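Taking it in order: structure first as structure tokens, then the write-up.
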Amino acid sequence: MRAMMLNTPGESLRLVDISIPEPAPHELLIRVGACGVCRTDLHVVDGELTEPILPLVPGHQIVGRVDAVGRDVTGFAFGDRVGVPWLGGSCGGCRFCGSGRENLCDEAVYTGYQRHGGFAEFCAADARFAFSLPDDYSDLQAAPLLCAGLIGWRAYRMCGDARRIGLYGFGAAAHIIAQVAVWEGREVYAFTRPDDEKSRDFARSLGAVWAGSSDAPAPHPLDAAIIFAPVGSLVPAALRAVDKGGVVVCAGIHMSDIPAFPYADLWMERSVKSVANLTRKDGEEFLAVAPRVPVRTKVTAYPLEQANEALDDLRHGCFEGAAVIIPG
């Protein structure tokens, strides 16, 4: 099968021909129809996440059809459409797994990081961590839901009942969760790079009541803020933007260093939280909500051999919404 392979972090992916994987007893062999491109893929390829298997096939927002089923698999059959997210497995027996926090498991493995991902024509995935997908979405439109959507959903739920929510960085995750927030009657405030008027227009088109530069003050005190951009300096900026008792949620897996800030920015029971990965419960909840909104993903498609171009376009903000690789 054809696949885009990372041999050395910091270098481009290479198009290779490798063997189709054999599914283990709890695994599915999936013919990949689409695989979303995520900023986490950039962090892996650029070497900012330091524990990948190498050589590695990246990609962790996988949509495809079951092509073969391991002997111990239940709940899936040949031809079923499935989604594969970032969380590729956990131990199932530790205190985190036992308390509904499998996203914190020390033995967790991640798709496109510790197991081969979806920048390929086929992949193998643990059936216990795969999702059935709503019929409302094509493969292309469904792919961004599997990380941008799920991480956005987990971060959004950490905002509690916040009415005014700031979104810092308006890319794949923000454009999805903004639609959910507007649907629930909340006010969305979008913060983008100072020169990115295009993203601000995009945010307004999705219902944001205000969109401005990330270095501008919010027009009103916010109840919560979610930081999707991997920029540590946005944390103190967001703390200054939220009202007393407000929360700042850092939704990325990697972020540049957070600069020092005065305690006064945190005082009055403001808080900072991070989001780590996702749980299967997050997936079940969000994939049930998305068709009800309905969430509409804006997607730019790239053929498999242009995966490097897709990653570079993501790095430089060359598209709105999400990028998706089409292997076929």
For an R0 of 25 angstrom, estimate the FRET efficiency from the Cβ-Cβ distance between Glu48 and Ala216 and round to the nearest 0.05. 0.35
Please report Glu197, Glu187, Glu269, Glu27 as a ranked list, fewest other C-beta atoms within 10 angstrom at the top and most at the bottom. Glu269, Glu197, Glu187, Glu27
Grab the other residues whose beta carbon is less than 12 angstrom from that of Glu285, score K and R as +1, D and E as -1, and report the net. +3
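For Cys318 and Trp183, what does the FRET efficiency come to when R0 = 25 Å and r is the distance between their Cβ atoms, rounded to the nearest 0.05? Working shown, then result.
Numbers: r = 28 Å, r/R0 = 1.13.
Efficiency for this residue pair is about 0.35.
So how do Ser12, Ser90 line up by other beta-carbon neighbours within 10 Å, fewest first? Display every interim value, and only then the final one.
Numbers: Ser12 14, Ser90 24.
The order, fewest Cβ neighbours first, is Ser12, Ser90.
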Show me, for segment 203-216, the HN-Hα J-couplings you get by feeding each phi into the Karplus relation (A = 6.51, B = -1.76, C = 1.60, θ = phi - 60°), rounded to Hz, glycine and proline as x. 4, 4, 5, 9, x, 4, 7, 7, 9, x, 6, 5, 9, 9
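For segment 77-129, what's the relative contact order in percent, using C-alpha pairs closer than 8 Å and at least 6 residues apart?
On the way: 56 pairs, mean separation 19.4, N = 53.
Answer for segment 77-129 is 37 percent.
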In nm, give the distance between the simple-model label positions of Gln114 and Ser274, each being 7 Å from the Cα along the Cα-to-Cβ direction. 1.6
Taking a ≥ b ≥ c as the square roots of the Cα gyration tensor eigenvalues, with a/c under 1.5 meaning rounded and otherwise prolate when a/b beats b/c, else oblate, which class fits segment 150-274? rounded
Just tell me which lysines come within less than 18 Å, Cα to Cα, of Lys244; anything on the same chain fewer than 8 places away is out. Lys273
Just tell me which aspartates and glutamates come within less than 14 Å, Cα to Cα, of Lys198; anything on the same chain fewer than 8 places away is out. Glu320
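What does the charge dipole of segment 150-274 about its Cα centre add up to, to the nearest 20 debye, if the Cβ of each Lys and Arg holds +1 and the Cβ of each Asp and Glu holds -1? Show your work: numbers first, answer last.
Details: 13 positive and 13 negative charges, 48 e Å.
Roughly 240 debye for segment 150-274.
Please report Leu54, Leu314 as a ranked list, fewest other C-beta atoms within 10 angstrom at the top and most at the bottom. Provide the component values of the computation, followed by the final result.
Details: Leu54 9, Leu314 20.
Listed from fewest to most nearby Cβ atoms, that is Leu54, Leu314.
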Say the dipole of segment 150-274 comes from +1 at the beta carbon of Lys and Arg and -1 at that of Asp and Glu; which of Phe228, Gln179, Ala190 then lies farthest toward its positive end? Gln179
Tell me which residues come under 5 Å, amide H to amide H, from Gly89 once H is placed; ignore anything under 5 positions away on its chain. Val109
Determine the shape class of the chain: with a ≥ b ≥ c the square roots of the Cα gyration tensor eigenvalues, call it rounded for a/c under 1.5, and otherwise prolate if a/b is greater than b/c, oblate otherwise. prolate
Helix axis angle, 280-289 relative to the chain longest principal axis, alpha carbon, degrees: 70
The set of residues whose placed amide H lies less than 5 Å from the amide H of Val231, leaving out same-chain residues fewer than 5 positions away, is Ser256
Interchain or long-range residues, amide H under 5 Å from Phe122's placed H: Val32
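Since every read-out is calculated from the coordinates, none of them should be taken as a lab result. Just so it is clear, the model here is predicted, and its values are computed rather than measured. As a convention, Cβ positions derive from the backbone with ideal geometry for all residues, glycine included, and neighbour counts pool all protein chains shown.
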